[in-house]
Amino acid sequence: MSQKVFIAFQDNDNARYLVEAVMQDNPEAEVQHQPAMIRIEAEKRLVINRATMEETLGREWDVQEMLIDVISIGGNVDEDDDHFILQWN
Amino acid sequence: MAIKNKKLNLKDKYQYLTRDMAWEPTYQKKEDIYPDEQFEGIKITDWSQWEDPFRLTMDAYWKYQAEKEKKLYAIFDAFAQNNGHQNITDARYVNALKLFLSGVSPLEYAAFQGYARVGRQFSGAGARVACQLQAIDELRHSQTQQHAMSHYNKHFNGLHDAAHQHDRIWFLSVPKSFFDDARSAGPFEFLTAISFSFEYVLTNLLFVPFMSGAAYNGDMATVTFGFSAQSDEARHMTLGLEVIKFILEQHEDNVPIIQRWIDKWFWRGFRLLSLVGMMMDYMLPNKVMSWAEAWEVYYEQNGGALFKDLERYGIRPPKYQDVANAAKNHVSHQAWGTFYQYSQATNFHTWMPEEEEMTWLSEKYPETFDKYYRARFEHWDKEQKEGRRFYNNTLPQLCQVCQIPVIFTEKDDPSVFSHRQIKHEGERYHFCSDGCCDIFKNEPEKYIQAWLPVHQIYQGNCGGADVATVVEKYYHINLGVDNMEYHGSPDHQRWLDIKGLKPLQSNSEKKTAA
Amino acid sequence: MSVNAISEYHAEPKDRVENFNGMQLLYVYWPKHLMFCAPFALLVAPDMTFGAFVDELLKPAAAGHPDSEKADFLNAQWLLNGEAFTPDPASTLIDSGIDHKSMLTVTTPGLEGIRGSAS
């Protein structure tokens, strides 16, 4: 059985960079556009890297800033200063 | 420990500001300080194993919440200043907000009370902090929802007394009793019920596709509070999953207790969400996805992945999940038909779907809509257009547990009501399903006291013997103004005025507002 | 099983017959007529005759349905709390064995709801 993790963001300016960074680090992930939101799903694992986000944004970025734009997630969360990881075991 | 970095890393900061703020009591026994931690039979051997994956501390919490609020209220202001209510797709949509304000927002407040209470009950500092943050979140949700909808209250009927109505209106006893059941349970059951079963497994179905639908119907205020609340929910959901894993890892004796709670609260939540199903399929003029599709994505797919993950703890998917999965093709139609026929006692308007909406329903529900529901809907539509709008003037039988009328049908035969009946200590009790009947049998003392609105009316406890008196005096609904048929209502009239359309000649003329 | 509580837990049923001022509750389910979204909940006098119950309560409750005029309820197939039941129109409800919160199911053969959809 397929076991997808997912994350959904508000479709706003911040999310544009998040999606860009996520796709760079998780090329196999699928992006779904729905009214006012963007949902990204991937098999088993999805990672957001601070380094990629900072590169994309061109500024310092705290992983917890993500809390402002996230709508929902599915999967076990592991967060530290450098990553936000969603996964099923 | 010497601090070398100028800035603490996330893990250290969490440790300092959460665990290290707690202390071991010396002159009082722990059992006396946390007297409710034991009685449910959950065994916790090491609270330090509790993980908050977001590692959120108070300072970061205030910072990010303040930012969310600033964004949110800027949008509320813009919405009000620009008469945002005039830009929604159709005033029928506002009825979903009336249901939301009286049915969901009070639950946010109940959740605030619930987390404030259980946060006091855990001897682990990590759990206490997490519950405290969540309590504040829930209070925020309740407030922002009321603020957002106060704008609609200036322009449409039926939004004037939601808190009063939540405690009295017959169908609002469904969400109310759901939360009362959770809040009157012990602290671990409360977390399993609300943090895990509701937040993690089921609230996506309320807040994600419905709020996306609000956006699709031009309601900027609602989508904004919805997604702002949901940004907190993402944290709550994560916590819900961690709570379950933590409890299961602590002791094997916890597994059967948690399984029973998951079975119970999945079923209760699934029943409660029937209301959301009908909001999605019938109350959003522009539709994002059907209830069945939402159920497939957010329960069958996401829930499937979740329960596969929990297998290693000895947890199986909730009992009667198969019944719930089959019901995805029925519940929204059954619920809407119920509200349609008892609309003289609701705080919002109902209507029959228009031609193209019926077509959409047939497409989205190819196996069920035409076969079981279209005939009754077309009959009602015809009756309404001929001036005999159908109302059911006899009160319905209610389920003793979920308190929903016994409207659901059998999984294997959707033309037959699902009804269960037992005798307990000489009294007869009736249920909508095996799921609800099992919940009763596990804790009969809890449910024999249920305040069932239909029975309360018949006992004479709701201000009068006839529907009009109960509705007006006890529910505070303006009969025929706030409720009943949408077409020809003052709200409908106001909408036509807003859109500069001519008033209808009669009920038989089809409206063309768009 | 019973409630797991912090102290002794005792509760009274809220819907005992004594709370209904001399009346009792009766539920009626008319299969294949799911246009009525749930079984009816009726408040009845225990000494009402079965015939009066059908004429004064059931028929008005069912009147909104196009099949109601064709329905011969007295000669239909009845179940009382899931058991076969033969009504006697002259007998009172309580003498017929219909006690508080009983459930009657009345099937009217040949009537299959709106356009045969069990509605």
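Read-outs: derived from the displayed coordinates by stated rules, not from any lab. Please read these numbers as outputs of a predicted model, since none were measured by experiment. Note: ideal-geometry Cβ built from the backbone for every residue, glycine included; neighbour counts use all protein chains shown.
Tabulated results
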{"item": "Space enclosed by the convex hull of the alpha-carbon atoms of chain C, per residue, Å³", "result": "144"}
{"item": "Rounded FRET efficiency, nearest 0.05, which uses the C-beta distance separating A:GLU20 from B:GLN493 and R0 of 45 Å", "result": "0.40"}
{"item": "Mean residue ellipticity (222 nm) of chain B, computed from DSSP H runs ≥ 4 via -39,500 (n - 2.57), nearest 500", "result": "-15500 deg cm²/dmol"}
{"item": "log10 of Debye I(q)/I(0), alpha-carbon scatterers only, for chain B at 0.11 Å⁻¹", "result": "-0.98"}
{"item": "Space enclosed by the convex hull of the alpha-carbon atoms of the protein assembly as shown, per residue, Å³", "result": "161"}
{"item": "Computed helical MRE - 222 nm, chain C, DSSP H runs ≥ 4 contributing -39500 (n - 2.57), nearest 500", "result": "-500 deg cm²/dmol"}
{"item": "log₁₀ of I(q)/I(0) at q = 0.12, 0.21 Å⁻¹ - the stretch A:4-87, Debye sum with one point per alpha carbon", "result": "-0.28, -0.94"}
{"item": "Of A:GLN87, A:MET66, A:ASN49, farthest towards positive along the dipole that unit charges on Lys, Arg, Asp, Glu beta carbons give chain A", "result": "A:GLN87"}
{"item": "Qualifying trypsin sites (Lys or Arg not before Pro) in the stretch B:74-179, DSSP loop, other Cβ atoms within 10 Å at most 12", "result": "B:LYS154"}
{"item": "Overall form of the stretch B:3-102 per C-alpha gyration tensor (a/c, 1.5; a/b vs b/c)", "result": "oblate"}
{"item": "Relative contact order for the stretch C:19-112, counting Cα pairs under 8 Å that sit 6 or more residues apart, in percent", "result": "40"}
{"item": "The stretch B:265-367, relative contact order in percent, only Cα pairs under 8 angstrom and at least six apart counted", "result": "35"}
{"item": "Surface/4 estimate of mean projected area, convex hull on alpha-carbon atoms of the stretch B:115-173, nm²", "result": "5.1"}
{"item": "Computed over chain B: relative contact order in percent, which uses C-alpha pairs under 8 Å that are six or more apart", "result": "17"}
